[in-house]
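Throughout, read-outs are computed from the coordinates displayed, never taken from laboratory work. It should be emphasised that the depicted structure is a prediction, and the values quoted were computed from it without experimental measurement. Every residue, glycine as well, gets a Cβ built from its backbone with ideal geometry; the counts of neighbours run over all protein chains shown.
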Amino acid sequence: MEQFWINGVPGRLIDITDRGLTYGDGLFETMAIRRYTPRFLDLHLDRLYAGAARLGLPAPERDKLHGQLTVAAAGIDEGVMKLILTRGPGPRGYAPPQRQAPTVAWGVQSQAVQQSTQIRVRWCATIAGRNPVTAGLKTLCRLEQVLARAEWQDASIAEGLMCDELGLLTGGTASNVFLVTGGSLWTPAVTHAGISGVMRRVILQQARGNGIEASETAVTRQVLLEADEVFISNALIGIRPVVQLEGRRWSPGPVTRSLAGQLVNLGVYECAGSC
C-alpha cells in the first residue's frame, strides 16, 4: 500500500517552481507507523514547527495537520510516513517571495518492521559541513548524505559515520550516534552540524530519567574508538548496537541493553532482542 497527499489532496505532482525542489527550501520528517499510528507524532511535529520557525517557513495549522496525518496512517499496521514542508512555489532567485504559499506533502507506505540487529559501520570520506544556522534541522538539503551513502555498496555495512572539517563526529548518513564511556552516555552535539533526531531526543530523555548521565558534546574519532559501547539510532530502527568499525570491535553493553529495553516499553518493538 502506498498513498500520497499534497496540501491535503491525493496526488504525487509538485509545482516545478516549488522552492523545495529548486533550492531545498524546506524540512521533512520520517516517521514509523506502528499499529496504525505514526510513532512519536507529536515529537516529530515539535521538531517540524521549531525548524519552520527558525527558517521563517509558513506552517500549516498544527491540530489540522495532526489529524490529517493520523487519518493517513490509519490503514497501515506497519509502515513509514514521510512529511515534507516547503516554502512553496516562487519566482527564480534566492529571495523568498513576499507572498508565500507553503507546500505540505505527505505519503505513507506499508513496510515490515526492520528488526534491530547488531551492525558493522564504516567511516565516510564525505565531509559534513558546519553551519550553526541550520545545524540540528532536518532540511531537504541532503546532498552530503547522498554522496556519503554512495561511498559503499557492501551490504554487510549498515551505516557510514560522517565527520565535519574539524574531524568531529556529526552522526551517520541516516542516524545519530551514541557512545558509552565509563557508564556515561555521549552523543555528538548538534550546535554546528548534524541532525537533532527524534529518537535521539527520546533516548536522551530515557537515559536522564533513569539515572544514566547523558551528555551532548564534541566527539572525535579517537574518542569513539576508545568507547566501551557504541550504537546508532533513528526513527525507524530505534537502537542498533555497533559491533565493528573497521578493525575495532565491540559487544552490546549494559547501557545499550537498558536503553533498548526502555524503548521497547515505549512502543519501539524492533529493539526487542537486538542486544
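When segment 194-229 is filtered for residues that are in contact (Cβ under 8 Å) with a residue 60 or more places away in the chain and in contact with a Pro (Cβ under 9 Å, 6 or more places away or on another chain), only Gly194 remains. Total residues in segment 190-223 satisfying the condition of being surrounded by 15 or more Cβ atoms within 10 Å (Cβ to Cβ), within 20 Å of the chain's Cα centre (by Cα) and assigned to a helix (DSSP H, G or I): the figure is 9.
Could you run through segment 1-29 and say how many residues are closer than 25 Å to Thr134 by Cβ, acidic (Asp, Glu) and under 22 Å from the mean Cα position of the chain (by Cα)? Looking only at that region, the number is 2.
Of all helices (runs of 4 or more DSSP H) completely enclosed by segment 1-94, which ones contain at least 2 residues that are among the hydrophobic types (A, V, I, L, M, F, W, C) and touching a strand residue (DSSP E or B) at 6+ places or on another chain (Cβ under 8 Å)?
41-55, 62-73
Among the residues making up segment 224-238, those that are under 22 Å from Trp152 (Cα atoms), assigned to a strand (DSSP E or B) and of a type outside the set (Phe, Trp, Tyr) are Val230, Ile232, Ser233, Asn234. Residues in segment 115-163 that are within 18 Å of the chain's Cα centre (by Cα) and among the acidic types (Asp, Glu) were compared, and the one that is surrounded by the fewest Cβ atoms within 10 Å (Cβ to Cβ) is Glu144. With respect to (1) within 29 Å of Leu83 (Cβ to Cβ); (2) in contact with a Gly (Cβ under 7 Å, 6 or more places away or on another chain); (3) in contact (Cβ under 8 Å) with a residue 40 or more places away in the chain, the lone exception for Gly160 is condition (3). Against the test of being part of a strand (DSSP E or B), touching a residue at least 12 places away in the same chain (Cβ under 8 Å) and surrounded by 20 or more Cβ atoms within 10 Å (Cβ to Cβ), the options Thr187, Thr256 yield a single qualifying residue, Thr187.
Return yes when Leu43 is surrounded by 17 or more Cβ atoms within 10 Å (Cβ to Cβ), of a type in the set (A, V, I, L, M), in contact (Cβ under 8 Å) with a residue 60 or more places away in the chain and under 20 Å from Leu27 (Cβ atoms) and no when it is not. Talk me through it step by step, then tell me what you get.
Details: surrounded by 17 or more Cβ atoms within 10 Å (Cβ to Cβ): yes; of a type in the set (A, V, I, L, M): yes; in contact (Cβ under 8 Å) with a residue 60 or more places away in the chain: yes; under 20 Å from Leu27 (Cβ atoms): yes.
Considered against the rule, which asks whether it is surrounded by 17 or more Cβ atoms within 10 Å (Cβ to Cβ), of a type in the set (A, V, I, L, M), in contact (Cβ under 8 Å) with a residue 60 or more places away in the chain and under 20 Å from Leu27 (Cβ atoms), Leu43 comes out as yes.
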